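Here is the structure we will look at, set down as structure tokens.
The values are calculated or read from the model by the stated rules, or taken from the named source; none is laboratory data. Please read these numbers as outputs of a predicted model, since none were measured by experiment. Please note: Cβ atoms are built from the backbone with ideal geometry, for glycine as well, and neighbour counts cover all protein chains shown.
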Amino acid sequence: MSTPAAPAAAPPPLDVRGVTVRFAGLLALDDVSFTVAPGTVHAVIGPNGAGKSTCFNVLSGLYRPSAGTVRLGAAELTRLAPHRIAALGVARTFQNIVTTQGTVADNLMLGRHALSHAGFAASALRLPRALREQRAHLAKAREIAELIGLGAHFDSPVALLSYGDRKRVELARALCLEPRVLLLDEPVAGMNAAERTRMTGVIEEIRAELGLSVVLVEHDMGLVMRLADEVTVLDFGRAIAHGTPDEVRRDPEVLRAYLGTAGAGEDAA
Amino acid sequence: MTGFLDSLLNGLALGSVYALIALGFVTIFKASGVLSFTHGSLLLLGGYLVAVLHDDIGFAGALAVAVLVTAAVAGALDRLVLQRVGGTDPHAAHVQTIVTIGVDIVLVTDLARRIGGDLLPLGDPWGSAVTDLGPVTVADSRVAAILVSAVAIGGAFALFRFTPWGLSLRAAAEDREAAALMGVRLTRVRTAAWCLAGALAALAAVFLVAFPAPGLERTTGQIALKAFPAAILGGMTSPVGALVGSMLIGLTEAFVAGYQSDLHVLGEGFGDVAPYAVMVLVLLVRPAGLFAAKGAARV
Amino acid sequence: MSDPRTLLLKRGPLLLVALLLCALPFYLDAFWLRIGLFSMAAAIGAVGLGLLSGTAGQLSLGHAFFLAVGAYGYVWLAGEPGPGLPPAVALVLAVLLAGAAGGLFSPVAGRVKGIYLGVATLALVFLGHHVLLTADSVTGGFNGRSVPPLELGGFTFAESDPELTVLGVPFGAEERLWYLGLVLFAVTWFTARGLLRGRPGRALVALRDSETAASVMGVHVARYRSAAFVVSSMYAGLAGALLALSFRRVVPDYFSLALSVDYLAMIVIGGLGSVAGATAGAVFVTALPLLMTRYADQLPLVATPGSGGGSIGPTEASRYLYGAAIVLILLFAPDGLHGLARRTRARLSRRPSVTGPHGSGPSPAPERAGSDAASDTPARAKEHTP
């Protein structure tokens, strides 16, 4: 039922309807709905603990909501295991960097997992088709590394890279999945000003070139205002506002709930 | 009928001894996330100390020394070795688990060398005496096992519930990072957990080798591993679960052994391995154990 | 990608080692050949366990069980009582049988993770041992069974049949089995490295390092866990069959928990997650007790076997040594022999200098390290820890 992930084709809309998540009596998400229009950048913002990452975990299948649905086109994601959602072309990064041991190439090749096929037997016997496939995907991964500006580090162990570079490895790994929907969980958190500018540029470039939908969780309001087409504001697990960045910025409830508490954090970049 | 009651009593006695060991597993796991594969050697150490000391200082004295020394060895093992392994590695607890296997090899090798091929008597006061309880005859050692274990387990539960250490232990099991932030001295909490587990293991040793078992031998330590199924059935983090799991394991073993002749398809001595069969069956149905905390629907 | 010279430089050492191994039977006596043979068999098994416990992070203490399935599987399939198949067919089927046994356990192996699996697999060893003792029509019970020699196209891997002398060296069982072991080990080396460097290997590493990351990148967690278990069982089965051929008799007591622990020691000492490391660890753990037994009279503190009286025999001495080795290696060099070798090599060539914009230098920061302490963002929510 999934079409091959061709970057040029417009992704289907991502539709979140009435999603509710409960942790041992605590309401982490309360009837949250929003729609990510194809090819747009949709930011999800809110104070700490508002449920942003929980929302991402629902989108990528790590949490199963107690109510509500998430649809990507015709596919209902809430019923699928994470690896099936990945196969539909939904990729994500993590707020805390989660890379695996090995080189940048190894990590990016993990991103190609869903797009490649070599199994245990073919790899163990080093069948020509497995080797061919590996070469082709390695070339593609290198291309993506160049695009993100990691070309020089392609064969370096991830553990030796700087913080900013490791954040970019995560982004590149997600892109290696050739996603139709990209979920970015605080892509510039913990970065210095120069790294932020660079990352912002990279995200803009990806969006322009690949035409995918981006869902963005971010504290950096500067980045959100610059990148987002639409913004959903969460507070205590509820969606309290939707709209363009400008509309949201003027919404009194948002000012009270979010910008008021985050205070100095506004427009940090 | 007497066969049934016999098996029931044997099972309860065995279960309560397993519970001593399984409680140790659970305590250590809650405090540090480590599975202790050193328990076999701790048990053997406790038994060995009682065996060599009881002639000189009497059984009670020997038991007291054994419990204290084993507790100290377990605590030292944690403080001096395990806590220095792994550092900030997110898999540190796993690495430490493997270290406990290495420590076990060294300790068991040494104790087994000392014990040699002998069967060491522990000089326990109940010896081979038996008591008639209505229709059944029970070994005094079984009764003692049930009573002493009940007291020790009750004491351990009181520690869990009513002391600051017990509170810290629960906090550490919930979220190690948060507990540390709230000022819980994790290093002390976990060392204390190891001490308690060591003490319980030494106590268990006495009953495992008491009548009708022939005495302490070099392989006695392996019995500790049977408490693993008990702890796993209980979900590894629940003391109550470990208690129930232990009883289940003990009763299974006793009934399989008691009805050996009806179960001959399973082969002679199946009782010894029945705990593992139960564990596999339970894990097939519930991979997280019977009493695992039901958290959020985290897939 | 690389010109012939660098290819030769890369492959050269491996080729040289292979040649050396092929030449050894002409120079070594049976004692050393047996050490080599046992080491090769152990290395095959250790590579399998390394794949499961080192690469995929799934602890197994049930390895002895799968060694037993391979060993007894071969004996029964090739022997009498049993179907009496041609031994070469029996060998292949024994490996598949071990894989199938691993597959039967996969409902547990796919869902129970990490160190918990170590406990679950204890069951395999104890239940397996019980079956070996009980099912005597197949296993021969306590006394075990003798192992029919391997036969391939009229050539028998035993003392004679046909008599064989190569370059003046009579080829007995040890010499013949040496080459068999070498071939099987080469197959193991080739396939395991192919696996590790290919798509499955990367997926398993990801599973170990972060199940969450692996699954959102499209890795079917349960299936890969089970597959790692099955593949590891197949290597164990092959190792078991080769061990059976070398021992010429299989007995249940050999396949005990201690054997599983030996294999765990091998991969820890060698360095988790590498084929070369597992091999080095296997040679160390296998050869140590044999060498100690042979040279006991020349070693301080070690008594000759059988002198008894609480003295330290060679077997005990080697167990002390490798028990301590596990602890010390994990304390001071967690990446084992393999890591030591790699670091020495790196120091001999030149230090890699990787300095990012942060200028944090080449200190390997573990994931989730708080290296963002100096950042200017508002405090981040800690609501998601994968």
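The rows are residues; the columns are (1) more than 8 Å from chain B (Cβ to nearest Cβ); (2) surrounded by 18 or more Cβ atoms within 10 Å (Cβ to Cβ); (3) in contact with a Ser or Thr (Cβ under 7 Å, 6 or more places away or on another chain).
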position	(1), (2), (3)
C:Leu96	yes, no, no
C:Ala123	no, yes, no
C:Phe126	no, yes, no
C:Leu132	yes, yes, yes
C:Ser137	yes, no, no
C:Pro148	yes, yes, no
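Looking only at residues in region A:30-49 that are within 11 Å of chain C (Cβ to nearest Cβ) and either of a type in the set (S, T, N, Q) or touching a helix residue (DSSP H, G or I) at 6+ places or on another chain (Cβ under 8 Å) (or both), which one is surrounded by the fewest Cβ atoms within 10 Å (Cβ to Cβ)?
Looking at residues that are within 11 Å of chain C (Cβ to nearest Cβ) and either of a type in the set (S, T, N, Q) or touching a helix residue (DSSP H, G or I) at 6+ places or on another chain (Cβ under 8 Å) (or both), I get A:Asn48.
Every residue in region A:57-71 that is among the basic types (Lys, Arg) and at the interface with another protein chain (Cβ under 7 Å from one of its Cβ atoms), please.
A:Arg64
Going through region B:225-266 one residue at a time, which ones are at pLDDT 85 or above and of a type in the set (Phe, Trp, Tyr)?
B:Phe228, B:Phe255
With respect to C:Ser232, is the statement that it is of a type outside the set (A, V, I, L, M) and buried (at least 24 other Cβ atoms within 10 Å of the Cβ) true?
Answer is yes for this residue.
Being buried (at least 24 other Cβ atoms within 10 Å of the Cβ) and within 14 Å of B:Ala205 (Cα to Cα) is the requirement here; does B:Ile98 meet it?
No, not satisfied.
Mind listing whichever residues of region A:129-151 are over 20 Å from the mean Cα position of the chain (by Cα) and not charged (D, E, K, R)?
A:Ala130, A:Leu131, A:Gln134, A:Ala136, A:His137, A:Leu138, A:Ala139, A:Gly151
Residue by residue through region C:242-260, note down the ones that are within 14 Å of chain B (Cβ to nearest Cβ), in a helix (DSSP H, G or I) and either surrounded by fewer than 24 Cβ atoms within 10 Å (Cβ to Cβ) or in contact with a Gly (Cβ under 6 Å, 6 or more places away or on another chain) (or both).
Correct list: C:Pro252, C:Asp253, C:Leu257, C:Ala258, C:Leu259.
Rundown of residues vs (1) assigned by TED's automatic domain parsing to the domain that holds A:Ile144; (2) touching a helix residue (DSSP H, G or I) at 6+ places or on another chain (Cβ under 7 Å); (3) under 16 Å from A:Asp185 (Cα atoms), yes/no style:
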residue	(1), (2), (3)
A:Val19	no, yes, no
A:Asn57	no, no, yes
A:Ser60	no, yes, yes
A:Pro65	no, yes, no
A:Val104	yes, yes, no
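If you go through region B:35-44 one residue at a time, do you hit one that is in contact with a Pro (Cβ under 8 Å, 6 or more places away or on another chain), in contact (Cβ under 8 Å) with a residue 24 or more places away in the chain and of a type in the set (Phe, Trp, Tyr)?
no
Being under 21 Å from the mean Cα position of the chain (by Cα) and modelled with pLDDT of 85 or more narrows it down to one of C:Leu117, C:Leu77, C:Leu132, C:Leu127, so name that one. So that I can check it myself, show each step before the final result.
Working: C:Leu77 fails: under 21 Å from the mean Cα position of the chain (by Cα); C:Leu132 fails: under 21 Å from the mean Cα position of the chain (by Cα); C:Leu127 fails: under 21 Å from the mean Cα position of the chain (by Cα).
From the options C:Leu117, C:Leu77, C:Leu132, C:Leu127, the qualifying one is C:Leu117.
If you scan region A:192-229, which residues turn out to be aliphatic (A, V, I, L, M) and surrounded by fewer than 17 Cβ atoms within 10 Å (Cβ to Cβ)?
A:Ala193, A:Ala194, A:Ala208
Going by the structure shown, is A:Phe23 surrounded by fewer than 23 Cβ atoms within 10 Å (Cβ to Cβ) and within 12 Å of another protein chain (Cβ to nearest Cβ)?
Numbers: surrounded by fewer than 23 Cβ atoms within 10 Å (Cβ to Cβ): yes; within 12 Å of another protein chain (Cβ to nearest Cβ): yes.
Answer is yes for this residue.
Only one of A:Leu147, A:Leu131, A:Leu175 is touching a Gly at 6+ places or on another chain (Cβ under 9 Å), surrounded by fewer than 18 Cβ atoms within 10 Å (Cβ to Cβ), more than 8 Å from chain C (Cβ to nearest Cβ) and part of a helix (DSSP H, G or I). Can you tell me which?
A:Leu131
One line per residue, one yes/no per condition, for (1) more than 14 Å from chain B (Cβ to nearest Cβ); (2) in contact with a Cys (Cβ under 8 Å, 6 or more places away or on another chain); (3) crowded, with 24+ Cβ neighbours inside 10 Å; (4) in contact (Cβ under 8 Å) with a residue 24 or more places away in the chain:
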| residue | (1), (2), (3), (4) |
| --- | --- |
| C:Ala46 | yes, no, yes, yes |
| C:Gly54 | no, no, yes, yes |
| C:Ala64 | no, no, yes, yes |
| C:Val69 | yes, no, yes, yes |
| C:Leu93 | yes, no, no, no |
| C:Ser106 | no, no, no, yes |
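Can you pull out the residues in region C:75-107 that are part of a loop (DSSP other than H, G, I, E, B) and closer than 30 Å to B:Pro287 by Cα? Spell out the reasoning first.
From region C:75-107, those part of a loop (DSSP other than H, G, I, E, B) are C:79-86, C:105; that's our starting set.
Hit for region C:75-107 is C:Phe105, nothing else.
Filter region A:72-128 down to residues that are part of a loop (DSSP other than H, G, I, E, B) and among the charged types (D, E, K, R) and give me whichever is nearest to the chain's Cα centre (by Cα).
By that ranking, first place goes to A:Arg112.
Exactly one condition in (1) over 27 Å from A:Thr54 (Cα atoms); (2) facing chain C (nearest Cβ under 7 Å); (3) surrounded by 17 or more Cβ atoms within 10 Å (Cβ to Cβ); (4) not hydroxyl-bearing (Ser, Thr, Tyr) is false for A:Leu125; which is it?
(3)
To keep it simple, each residue is scored yes or no on (1) in contact with a strand residue (DSSP E or B) (Cβ under 6 Å, 6 or more places away or on another chain); (2) part of a loop (DSSP other than H, G, I, E, B); (3) more than 19 Å from C:Ser232 (Cα to Cα).
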position: C:Glu159; (1), (2), (3): no, yes, yes
position: C:Pro162; (1), (2), (3): no, yes, yes
position: C:Glu174; (1), (2), (3): no, no, yes
position: C:Gly181; (1), (2), (3): no, no, no
position: C:Phe185; (1), (2), (3): no, no, no
position: C:Gly194; (1), (2), (3): no, no, no
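Name the residue that is farthest from the other protein chains (Cβ to nearest Cβ), counting only residues in region B:86-126 that are among the acidic types (Asp, Glu) and more than 22 Å from the chain's Cα centre (by Cα).
B:Asp118
Return the total of residues in region C:179-223 being hydroxyl-bearing (Ser, Thr, Tyr), crowded, with 24+ Cβ neighbours inside 10 Å and more than 7 Å from chain A (Cβ to nearest Cβ).
Counting residues in region C:179-223 that are hydroxyl-bearing (Ser, Thr, Tyr), crowded, with 24+ Cβ neighbours inside 10 Å and more than 7 Å from chain A (Cβ to nearest Cβ) gives 1.
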